[in-house]
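The values are calculated or read from the model by the stated rules, or taken from the named source; none is laboratory data. Just so you know, these numbers come straight off a predicted model, no measurement behind them. Cβ: placed from backbone, ideal geometry, glycine included. Neighbour counts: every protein chain shown.
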Amino acid sequence: MNEASCPTLLPKTRLRYNRQRDACVLLWPERGLVLNRSAGDILKLCGGHHTLSSIVNALSAQYPHTKRDLIREDVHRLIRDLHSRGLLTLE
Amino acid sequence: MLERPYTLTAELTYRCPLHCAYCSNPVSYDDRPALDTEHWCRLFAEAEAIGVMQVNLTGGEPLLRSDLERLIGHAHRLGLYTNLITSGVPLSRRRLARLRASGLDAVQLSLQSTDQVLADRIAGVVAHQKKLAVARWTHALRIPMTANIVLHRDNIEQIHDIIALAEALHAERLELANTQYLGWAFVNRHALLPTHAQLEQAKLIAQAARERLRGRMEILFVTPDYYGGVPRACMDGWGRRHLVVSPDGLVLPCHLAHTLPGLTFERAGARPLLDIWEQSEGFNRFRGEAWMPDTCRSCAYRTVDFGGCRCQAFHVTGHLEAVDPVCRWSPDHHLIQTARHAAEQRTERVPLWRRDLQMVP
Ligand SMILES: C[S@@+](CC[C@H](N)C(=O)[O-])C[C@H]1O[C@@H](n2cnc3c(N)ncnc32)[C@H](O)[C@@H]1O
Ligand code: SF4
Ligand code: SF4
């Protein structure tokens with residue numbers, strides 16, 4: 001995993017907004033994750049068209065009051081976690 | 001506060017062209033008419049409105065319903081994740097393409113074995129080759145697939161080949177589902193229960209494969225109940241996350257809850273689904289900890305297994321509130337040990353009982 005990797009959610013996953021929980025949810029067979037706001041914003045960019053560094057850039061623009069280093073850490077932690085669960089690939 | 005349900009398991013019919021000797025469906029049931037299209041659609045909408053995000057379309061064999069396309073389309077438009085759980089047998093490639101076009105998100109295909117003769121013997125009909133074709137169509141149509149195989153004494157030693165087959169079929173997930181001894185599987189328990197050595201060996205192979213295939217194929221090894229020592233968290237706890245609706249519309253916390261005596265469940269549509277979820281007598285009977293026997297109430301593990309499986313407790317011990325007998329601290333645990341002991345000792349072949357009540361040698 002490096003700055004140029006493109007995280008891509010696997011086809012079995014669906015990223016949806018759930019109105020009852022007012023949150024984005026990531027669904028796959030028999031399982032799901034209710035995401036907090038920033039995780040939802042990160043995963044919206046995991047369709048294979050954005051590199052890790054461009055995701056960090058986009059999030060920094062979206063959350064101007066949060067330090068870039070913290071955002072970077074957040075993004076990397078989430079991507080690593082979902083990768084180890086077999087929910088996304090890193091091209 | 002009571003959580004809202006996450007998934008709805010819609011049992012569209014109990015009918016099925018297969019006769020799997022391990023089938024966990026009820027051995028007998030009142031053959032009341034199944035819900036029609038309108039009722040299922042209304043139920044999906046109600047379920048979505050109270051927070052359900054996924055619908056499992058299962059049975060019996062859900063493909064026997066000619067309105068499956070409409071049901072999937074409706075669930076899809078509601079934003080529900082749709083998962084078709086099927087034997088694959090009554091399917092054509094054209095119909096699968098139609099189901100996909102209606103919004104089907106994923107297919108879970110059950111297989112019996114890697115060996116055609118054994119597979120068809122377990123299923124009670126000739127089905128194996130057809131299933132392999134269905135798996136190929138699923139891949140060709142780019143539908144994410146889970147391969148599900150119920151493990152028992154006669155196929156568990158094939159686990160290596162089973163994993164290889166799932167890989168070759170491009171499954172994204174493989175569920176190695178150790179038999180749950182309920183329904184027909186309870187009737188056939190003596191024939192199906194593996195030995196401890198068989199299980200340990202299988203577990204090692206599954207673990208190694210899980211590491212090797214990480215990121216390519218997700219492998220789930222469902223805990224083998226009779227050898228676990230503590231029970232599974234059946235349904236993630238009674239009435240905590242899952243809704244199951246039987247073919248005739250009973251709203252249940254698990255697919256066998258209506259086989260327990262003395263519990264009252266309500267029919268979908270009789271009153272708002274949220275009221276049924278929150279208030280129905282059957283749902284509340286085993287929620288929380290008040291119902292638990294002292295052994296569980298004083299046990300730290302109760303927040304992990306929620307007191308185990310009620311259906312198993314009842315069908316093995318005859319008592320609804322008993323400690324799940326697979327638990328090593330259950331006063332009835334000897335019943336499980338006896339079954340295990342018999343599995344270790346037996347050498348002769350045991351006949352299998354099936355839905356049509358014929359013995360198959
Ligand atoms: C009851 S079946 C209904 C759907 C369809 N007829 C099929 O077999 O795929 C639902 C799922 O439960 C699995 N299953 C059936 N009996 C089981 C048992 N005794 N223990 C564990 N899983 C079981 C099946 O393999 C299938 O994946
Ligand atoms: S497990 Fe077998 S018999 Fe039971 S519903 Fe599925 S295919 Fe039919
Ligand atoms: S005593 Fe009850 S809560 Fe504790 S492990 Fe056994 S079944 Fe679970």
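Overview of values
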item	result
Extreme residue, modelled with the highest pLDDT, among residues of the range B:124-137 that are within 15 Å of ligand 1 (Cβ to nearest atom) and in contact with a Lys or Arg (Cβ under 9 Å, 6 or more places away or on another chain)	B:VAL134
Helices (runs of 4 or more DSSP H) enclosed by the range B:67-142 - at least 3 residues per element that are within 14 Å of another protein chain (Cβ to nearest Cβ) and farther than 28 Å from B:ILE50 by Cβ	B:128-140
Scope the range A:15-62; condition of a type in the set (Lys, Arg) and either away from chain B (no Cβ under 14 Å) or within 22 Å of A:GLU91 (Cα to Cα) (or both); matching residues	A:ARG37, A:LYS44
Check on B:ALA21, away from ligand 2 (no atom under 16 Å from the Cβ), surrounded by 19 or more Cβ atoms within 10 Å (Cβ to Cβ) and of a type in the set (Gly, Ala, Ser)	no
Whichever residue in the range B:333-361 is among the β-branched types (Val, Ile, Thr) and at pLDDT 75 or above and, among such residues, is nearest to B:HIS19 (Cα to Cα)	B:VAL350
Filter pass, B:PRO26 being crowded, with 16+ Cβ neighbours inside 10 Å and away from ligand 3 (no atom under 16 Å from the Cβ)	yes
All positions within the range B:261-317 that are of a type in the set (Asp, Glu), more than 22 Å from B:PRO331 (Cα to Cα) and in a helix (DSSP H, G or I)	B:ASP275, B:GLU278, B:GLU281
Some residue of the range A:63-80 being more than 10 Å from chain B (Cβ to nearest Cβ), buried (at least 20 other Cβ atoms within 10 Å of the Cβ) and touching a residue at least 60 places away in the same chain (Cβ under 8 Å)	yes
Residue match in the range B:33-48 (condition: out of contact with any strand residue (DSSP E or B) (no Cβ under 6 Å at 6 or more places or on another chain), away from ligand 1 (no atom under 16 Å from the Cβ) and among the small types (Gly, Ala, Ser))	yes
Residues being in contact with a strand residue (DSSP E or B) (Cβ under 9 Å, 6 or more places away or on another chain), part of a helix (DSSP H, G or I) and free of Cβ contacts under 8 Å to residues at least 40 places away in the same chain - total across the range A:1-58	6
Filter result for B:LEU99 (aliphatic (A, V, I, L, M) and out of contact with any strand residue (DSSP E or B) (no Cβ under 6 Å at 6 or more places or on another chain))	yes
Residue that is surrounded by the most Cβ atoms within 10 Å (Cβ to Cβ) [pool: residues in the range B:143-152 that are within 14 Å of chain A (Cβ to nearest Cβ) and assigned to a loop (DSSP other than H, G, I, E, B)]	B:PRO144
